[in-house]
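None of the figures in this text is laboratory data; all of them are computed from the coordinates on show. Quick caveat, the model's predicted, so the values are computed rather than measured. Virtual Cβ from ideal backbone geometry, glycine too; neighbours counted across all protein chains shown.
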Amino acid sequence: MPIVELNGRPYHVDDNGFLQDPQIWNDDVARDFATTEGIAEMTDEHWKLVRYLREYYLQFGIAPMVRKLCKETGLKLARVYELFPSGPANGACKVAGLPKPTGCV
Amino acid sequence: MRPRTKFSDLARADREPVARIDPADLPPLSSPGPPPAKLAAAWPARMDAAGYPLDGTRVLAFPDPATKAERDALVGAFLSGLEKLFSRENNWTFLQPLLLSMEHCARCQTCSDACHVFESSGREELYRPTFRSEIFRRLYFEHVKGGGLVSAWQHGRVEVTWPLVARLGELAYRCNLCRRCAQACPIGVDNGLIAHEIRKLFSQELGIAPTELHASGSMLQMKVGSSTGMNAAAVRDNASFIDEEMTEKTGVAVETPWDVEGADVLLIHNAGEILSWPENPGAFAVILNAAGISWTMSSDIAGYDSVNYGVWYDDAQLARVARMHAEIAKALKVKKIVVGECGHAHKALLVVADRLLDGDLRIPRESALTLLRDIVAGGRLRLDPSRNDFPVTLHDPCNVVRLMGVVEPQREVLRLVCPRFREMTPHGVDNYCCGGGSGFAVMGGNGFQDWRSQVAGRRKLQQVLDAFSDCLEPAVRKYVCAPCSNCKGQIRDLLAFHDVWRRHGIMYGGLAELVVNAMKDVNPGFIEWEWR
């Protein structure tokens, strides 16, 4: 299991750089992982997406549909890509401490 | 020029990759304008030195055996598994074509020119379709057929060491199992099958398989219901969201029927569609309702996810999931199962399952493409093809087209709804794989996504660019129709990696969406030209 050091803190991650243990996630972890996405500062819009992902994950155990994410947060998909350049699944989920989405998605 | 990779390189005990793929060695893409700057640098930057590396990327993660005893045990398990592949009791499904492929290769190399991975890698020997087959064939003659001096002289030999076995397992995941080589072979030798059998040996005998296919693939599907991790509550929640969206968008009330006993059709989508491309299952709901088809979806475990990853790596997993699908159809007393736009599910449930299901589990099974053809060509929808006034090309999923021979139905639909449909070259059963086949589209760690975007998918990307060469300017919106989830995921990743939507205005999607986009009775503008 690879270990990465972000802002001086070590994290166990999977082969795609996703946090191994979603339980240890908190706001600091989100800020640390945001650096891997080239996000210098987490804005309100970043947090809005991350908090929605987190809540959905705690309820259903997976990431939500991207369309649902956009509808519920009121952010257009193009804006989501601006905020998280590698996209909702690979970028936003990583910062929100979700496991990498599985299956044919 | 890089040195020619040899069979014996796989047995090397050092920790250096056997081959290094340099983006500069790959055949240039004929795309107007400069390529995105990231391409030269993006790969192969992430060399991975774990285990005995093959080529700078890796899909099999397993602990490196620490002692000689552990290594010997693994090699022993490999050799006994090899023998089992050639016994009727243990491999009745695939023994006959496997034997034919072992005994009759004339080494003419016709297959090499048919292989997109070999060609797109700049003809790297490691990826030549006969490279892994020949190693496997030598092991077969020595360890299954008894070997001996004459055999070694006639067939050649390779030394069996743990590094060789480990690298051969990884090399089985550099073939898309598209079987274009088997079609080109004058004798019918199937290098794709050989790669498949090696994967199977690793999974069934050594317990080694890619995480995406096994632990978070078929195991997850059988546990919670879907390899996406969606349980029944999640899928119902998502489907009702799709119904709402479709109703809003089309102006027609859309409701997906669930668990309806005695329906004519049980429709099973690849559940990835529901999460990533909800407009596809949404479009099916609109079409089936408008055509007056009696249909249902199932919320039973695996009943709402047609995927069967076992078809790529493990016969036992394949059989378990195929049986679950058939049991659900039987319990619901439906007349037939229709598999949505998912190629490998076609192979698993429509073809291979024929050798597994018996008695009352032999429920009729059909492709969604022929059902769509019957609906559209049968005049059951009011259509206005001028709503699809944009260039469209068609990708042929290998499992649907080359394997099953379902070539014309999807074309009949396109000719009726897309006035500007044009073919790729070559197409139909001569198509090229998207580069995501055999599970690659869902595998991505350790630089593998870059590998499949740069090497495995390169030929397909070139075909797409060529099909639209008369209208590559981004202002002209174009559509690659890929009626298969795996292909769609790969084509999405290809277009994104090479920045093709922004540079050339090429979008991708399924077949059902094009039908709904042309339906007179729904609001115009079903297809949204927003990158996703």
Legend entry - Among the listed pairs A:100/B:223; B:68/B:145; B:200/B:488; B:336/B:460; A:48/B:488, those beyond 22 Å (Cα-Cα): B:68/B:145; B:200/B:488; B:336/B:460; A:48/B:488
Legend entry - Sites residue B:335 and residue B:253 - FRET efficiency at Förster radius 45 Å, r taken between beta-carbons, to 0.05: 0.95
Legend entry - Cα centroid of the range A:51-105 to Cα centroid of the range B:126-147, whole Å: 46 Å
Inset, instruction - Evaluate the distance, in nm, between pseudo-label points positioned 7 Å from the Cα of residue B:153 and of residue B:25 along their respective Cα→Cβ axes. - result: 3.6 nm
Inset, instruction - Provide a whole-number value for the mean count of partner chain Cβ atoms within 10 Å of the Cβ atoms in peptide B:237-245. - result: 3
Legend entry - Around residue B:293: net Lys/Arg minus Asp/Glu count, Cβ-Cβ under 13 Å: 0
Legend entry - Prolate/oblate/rounded call for the range B:67-155, Cα gyration tensor, a/c under 1.5 rounded: prolate
Legend entry - For the protein assembly as shown, Kirkwood radius (reciprocal of mean inverse C-alpha pair distance, Å): 25.3 Å
Inset, instruction - Using only Cα atoms, locate the centre of the range B:242-273 and the centre of the range B:403-439, then give the distance between them in Å, rounded to an integer. - result: 26 Å
Inset, instruction - Once you have the Cα-Cα distance between residue B:240 and residue B:93, take 0.36 nm times their residue separation minus that, and quote the gain in nm to one decimal. - result: 48.9 nm
Legend entry - Inter-site label distance for residue B:233 and residue B:144 at 7 Å from Cα along Cβ, in nm: 4.9 nm
Inset, instruction - Pop a pseudo-label 7 angstrom from the Cα along the beta-carbon direction at both residue B:528 and residue A:5 and give the gap in nm to one decimal. - result: 4.4 nm
Inset, instruction - Positive end of the charge dipole of the protein assembly as shown (Lys, Arg +1 and Asp, Glu -1 on Cβ, about the Cα centre): tell me which of A:95, B:522, B:111 has its Cα farthest that way. - result: B:111
Inset, instruction - Report the full-extension gain for the segment residue B:412 to residue B:382: residue separation times 0.36 nm, less the Cα-Cα distance, to one decimal in nm. - result: 9.2 nm
Legend entry - Cysteines (scope chain B) whose Cβ has no counterpart Cys Cβ under 4.7 Å: B:105, B:108, B:115, B:175, B:185, B:342, B:418, B:471, B:481
Inset, instruction - Sort A:54, B:167, B:380 so that the residue with the fewest other Cβ atoms within 10 Å of its own Cβ comes first and the one with the most comes last. - result: B:380, A:54, B:167
Legend entry - Spin-label proximity, residue B:13 to the range B:65-92 - amide N less than 18 Å from point 7 Å beyond Cα toward beta carbon: B:65-76
Inset, instruction - Check cross-link reach from residue B:335 to the lysines: straight Cα distance under 26 Å, and skip same-chain residues fewer than eight apart. - result: B:347
Legend entry - Sites residue B:358 and residue B:62, calculated FRET efficiency, Cβ-Cβ separation with R0 41 Å, nearest 0.05: 0.70
Inset, instruction - With a ≥ b ≥ c taken as the square roots of the eigenvalues of the C-alpha gyration tensor of the range B:109-227, please select rounded if a/c is under 1.5 and otherwise prolate if a/b is larger than b/c or oblate if it is not? - result: oblate
Legend entry - Inverse mean reciprocal Cα-Cα distance (Kirkwood Rh) of the range A:3-95, Å: 13.4 Å
Legend entry - Value in Å of the Kirkwood radius, where chain B supplies the Cα pairs that are averaged: 24.0 Å
Legend entry - Karplus (6.51, -1.76, 1.60) ³J(HN,Hα), θ = phi - 60°, over the range A:60-77, in Hz, Gly and Pro reported as x: 10, x, 9, 7, x, 4, 4, 4, 5, 4, 5, 5, 6, 9, x, 9, 6, 4
Legend entry - the range B:256-388 - Debye-derived log10 I(q)/I(0), Cα point model, q = 0.16, 0.19, 0.21 Å⁻¹: -0.78, -1.07, -1.28
Inset, instruction - Show me B:488-497, B:354-363 ranked by packing, highest mean number of other Cβ atoms within 10 Å first. - result: B:488-497, B:354-363
Legend entry - Karplus-derived 3J(HN,Hα), 6.51/-1.76/1.60, for each residue of the range B:239-252, Hz, glycine and proline x: 5, 6, 5, 5, 4, 4, 4, 5, 4, 4, 6, 8, x, 10
